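Enquirer: Here it is, the structure in full.
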Amino acid sequence: MLSQDKRNVIAKRIAQELEDGQVVNLGIGVPTLVPTYLNGKTVHLQTENGLLGMGPAPLEEEIDIDLMNAGKEPVTYLKGASFFNSADSFALIRGGHVDVAVLGILQVDIYGEIANWAVPNQPILGVGGAMDLVTGAKKVIAAATLFAKDGTSKLVKELTYKTSGARRIDLFVSDYAVFSFTDEGVKVVEILEDVTIQELSEKVGFTLEYAHDYVPNR
């Protein structure tokens, strides 16, 4: 199971990418921790089952079984929130009105194409809103640990799982580092763990390079 420390490192770093006034869709898992680290930013959280204006996770005594996000987790709502049906919610996404989507992933290739909805030879629930969010959101951030439970890297040269869409994501925020993606391939934007880029390259299995504007501190 992913440790709480790693989950919070990822969520806190993603929160730094969000700006006042943005409409942000949060996927299940690690992305749901992002609101904890907004530190007063006015961000409008959207869930694709029909709510814009989600609040923080409820206390046990505040749980309303009729108020759930798309991942079937209990949520709260803020003053001024809007409720609408799923069709309108996806029109919001497909119409380009979501500024940032934060998604969990299974894999991301060196050009930023992600797989996040199907594992070979395992039962699946379906792609959900992932394909729409990858296509429709103005900015897409992946949130996940860099390595799977079996030790394999989620950052890969080529996807071996089914793709969630051909569009390149903008950032992959992991517990080890933050990565961006260009036509030339993946770049290291920031290292979050106590490792060198050479050590990180060895761990993922191929050579990594810093983004041109990143000045490493070691």
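Taken together, the values in this text are just the output of simple stated rules run on the coordinates, not laboratory data. Because the structure is a prediction, the values reported are computed rather than measured. Virtual Cβ from ideal backbone geometry, glycine too; neighbours counted across all protein chains shown.
Enquirer: Which order do the peptides 46-55, 178-187 take when ranked by the mean count of other beta-carbon atoms within 10 Å per residue, highest first?
Expert: On the way: 46-55: 20.8, 178-187: 17.2.
Per-residue Cβ counts within 10 Å, averaged per peptide and sorted highest first, yield 46-55, 178-187.
Enquirer: Which values of log₁₀ I(q)/I(0), to two decimal places, follow from the Debye formula for region 58-187 at q = 0.15 Å⁻¹ with a uniform point scatterer at every Cα?
Expert: -0.81
Enquirer: Sort 14-23, 27-36 by the packing proxy (mean of other Cβ within 10 Å over each peptide's residues), most packed first.
Expert: Values: 14-23: 16.5, 27-36: 21.1.
Ranked by mean Cβ neighbours within 10 Å, highest first: 27-36, 14-23.
Enquirer: Continuing with the same structure: Give me the percent relative contact order of region 82-218, please, defined on Cα pairs under 8 angstrom at least 6 residues apart. Can you show the working numbers first?
Expert: Details: 261 pairs, mean separation 32.1, N = 137.
Reported relative contact order: 23 percent.
Enquirer: Under a Cβ-only charge scheme (Lys and Arg +1, Asp and Glu -1), can you give me the dipole magnitude of the chain about the Cα centre, in debye to the nearest 20? It would help to have the intermediate numbers written out before the result.
Expert: On the way: 19 positive and 29 negative charges, 52 e Å.
With Lys and Arg at +1 and Asp and Glu at -1, about 240 debye.
Enquirer: Dividing the Cα radius of gyration by the Kirkwood radius, what Rg/Rh value follows for region 127-187? Let's see the in-between values first.
Expert: Working: Rg = 11.9 Å, Rh = 12.6 Å.
The Rg/Rh ratio comes out at 0.94.
Enquirer: With springs only between Cα atoms under 10 Å apart, run a GNM on the chain and tell me which of Leu133, Leu92, Leu59 wobbles the most.
Expert: Leu59
Enquirer: Could you state, as a whole-number percent, how many of the C-alpha pairs of the chain are farther apart than 27 Å?
Expert: More than 27 Å apart: 31 percent of the Cα pairs in the chain.
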